[in-house]
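Enquirer: What follows is a single structure, and I will ask about it in a moment.
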Amino acid sequence: MSFSSLGLSEQLVRATTDQGYETPSPIQLQAIPAVLSGKDVMAAAQTGTGKTAGFTLPLLQRLAEKPRTGKGPRALILAPTRELAAQVHDSVNLYSKYVPTKAAVVFGGVKINPQMMKLRKGVDVLVATPGRLMDLYQQNAVRFNEVEILVLDEADRMLDMGFIRDIKKILALLPAKRQNLLFSATFSGEIRALAQGLLDNPVQVEVAARNTTAEKVKQSVYTVDQNQKTALLSKLVRDNSWEQVLVFTRTKHGANRLTQKLEKDGITAAAIHGNKSQGARTRALAEFKQGEVRVLVATDIAARGLDIKQLPQVVNFELPNVPEDYVHRIGRTGRAGESGHALSLVSADELKMLVGIEKLIKKQLPRKEMEGFEPKNNVAMKPKAKADPSKARNRSGGHGRPAGKPRSFGDKPGGRSGGRSQGGNGQRGRSAQSQNS
Ligand code: AMP
């Protein structure tokens, strides 16, 4: 199967050839004809599957088929984070190289005026985070009367981040006759409810979540005491001569602290999270991509949508509160046919989370100890420790639930966003939104 046999124009096919794509990915095989047919689409697809091209290429073709009449936007792509919005915008630019489509991106955390100016000149495709888009609408900087196609990208994450109200407001402002595309990694009840209200007889597209199978990603676990993790990470980076490693922490403060400690230890590192300015984040990512920074420390929200090619190594410095995030994290490695390695540093208070992750991925992760870093609490940390949450109590002193952690892995999205409000201020909803939009 080739891109042209899917019905894409020569100009769009040429753009994929420029990118070095040889064949469409499974999600593209299904999504491209569906979008071209003009139908609504509901797609279960994670980052790393090629979903962006899956909706962008046919969207561009649909727009090219009809002339522009006003200043647009004619296609609206909503994304949860600045990073994802910026990356989708980059993709739109790449794929629209040979068609006369104008694209723009708007997100919070940067000045609004330049975005207003851009919109005034007219755009065909607008990529936006919901909060900033509403701000622009309220300031009369954007109109929605020409929107023909709406894309909700990573819809599950948008709901997790408290964007539902803004999304509903935006939906109410769009022309009733339009094509809707909904992409989501997971399909919770809330997403299904949103889909039901939004989509008209949608074509359903699903591909095997490439990360749950994760054949290409080797996963392992080092059991280690919390206070030894930084030293162990430094050792691993050095001993294995890792030149590009993405490290996940649960909190923004944790990301900053770890970055500082690594730097002190002589390992170049940068943090990327929602408290950093957009400029700082872009710079950190660029330095990492160019190899000037060996370790990029990220929180889950900031890392979502990061497109870093062929990342060989991911480290979970702390396990995520939500098991699905583990799958997203390890999806950052082993991309595009490359093999990758995901390594988790797990302390006694995280054993329960580990068990939750293993249940989700239906696989026991091999546990190892590093000489000199053996955990003191050997009973709970035994490499083959079976799912016995009572053992995890020792450190947290609670009810088998680490202090300050959400109640369970299956928490409702609101709880998740609270768990992620990484400054520990416990604020939710709008605050998560303004931090991240
Ligand atoms: P996405 O899931 O949209 O974030 O895409 C993940 C990565 O796959 C991006 O780096 C794309 O450039 C790349 N990609 C998308 N489609 C293809 C394809 N058909 N062949 C090879 N790589 C692709």
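The values are calculated or read from the model by the stated rules, or taken from the named source; none is laboratory data. Because the structure is a prediction, the values reported are computed rather than measured. Positions of Cβ are backbone-derived with ideal geometry, glycine not excepted, and every protein chain shown enters the neighbour counts. Calculation scope for accessible area: heavy atoms of the full protein, side chains included, ligands and nucleic acids excluded. Shrake-Rupley method; radii C 1.70, N 1.55, O 1.52, S 1.80 Å.
Enquirer: Quick check on segment 57-74. Is at least one of its residues crowded, with 19+ Cβ neighbours inside 10 Å, within 15 Å of the ligand (Cβ to nearest atom) and either of a type in the set (S, T, N, Q) or in a loop (DSSP other than H, G, I, E, B) (or both)?
Expert: no
Enquirer: If you scan segment 174-209, which residues turn out to be without any contact (Cβ under 8 Å) to a residue 40 or more places away in the chain, loosely packed, with under 14 Cβ neighbours inside 10 Å and over 23 Å from the mean Cα position of the chain (by Cα)?
Expert: Of everything in segment 174-209, those that are without any contact (Cβ under 8 Å) to a residue 40 or more places away in the chain, loosely packed, with under 14 Cβ neighbours inside 10 Å and over 23 Å from the mean Cα position of the chain (by Cα) turn out to be PRO175, ALA176, LYS177, GLN196, GLY197.
Enquirer: While we're on this one: Of the residues VAL221, VAL237, VAL293, only one is buried (at least 18 other Cβ atoms within 10 Å of the Cβ) and in contact (Cβ under 8 Å) with a residue 60 or more places away in the chain; which?
Expert: Residue meeting the stated conditions: VAL221.
For (1) within 11 Å of the ligand (Cβ to nearest atom); (2) surrounded by fewer than 22 Cβ atoms within 10 Å (Cβ to Cβ); (3) closer than 20 Å to THR186 by Cα, each residue gets a yes or a no:
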residue	(1), (2), (3)
SER2	yes, yes, no
SER5	no, yes, no
GLU10	no, yes, no
ARG14	no, yes, no
GLN19	yes, yes, no
PRO26	yes, yes, yes
LYS39	no, yes, no
ALA44	no, yes, yes
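Enquirer: Which of (1) within 27 Å of THR299 (Cα to Cα); (2) away from the ligand (no atom under 15 Å from the Cβ) is the odd one out, the single condition TYR98 does not satisfy?
Expert: (1)
Enquirer: I'd like to know if segment 149-160 contains one or more residues that are small (Gly, Ala, Ser), within 20 Å of LYS39 (Cα to Cα) and crowded, with 23+ Cβ neighbours inside 10 Å.
Expert: Yes, there is a match, as at least one residue in segment 149-160 is small (Gly, Ala, Ser), within 20 Å of LYS39 (Cα to Cα) and crowded, with 23+ Cβ neighbours inside 10 Å.
Enquirer: Would you point out which residue out of ALA31, ALA104 is away from the ligand (no atom under 15 Å from the Cβ) and either open to solvent by less than 10 Å² (accessible area, probe 1.4 Å) or part of a loop (DSSP other than H, G, I, E, B) (or both)?
Expert: ALA104
Enquirer: In segment 232-258, what residues are closer than 21 Å to ASP325 by Cα and β-branched (Val, Ile, Thr)?
Expert: Residues satisfying the conditions are VAL245, VAL247, THR249, THR251.
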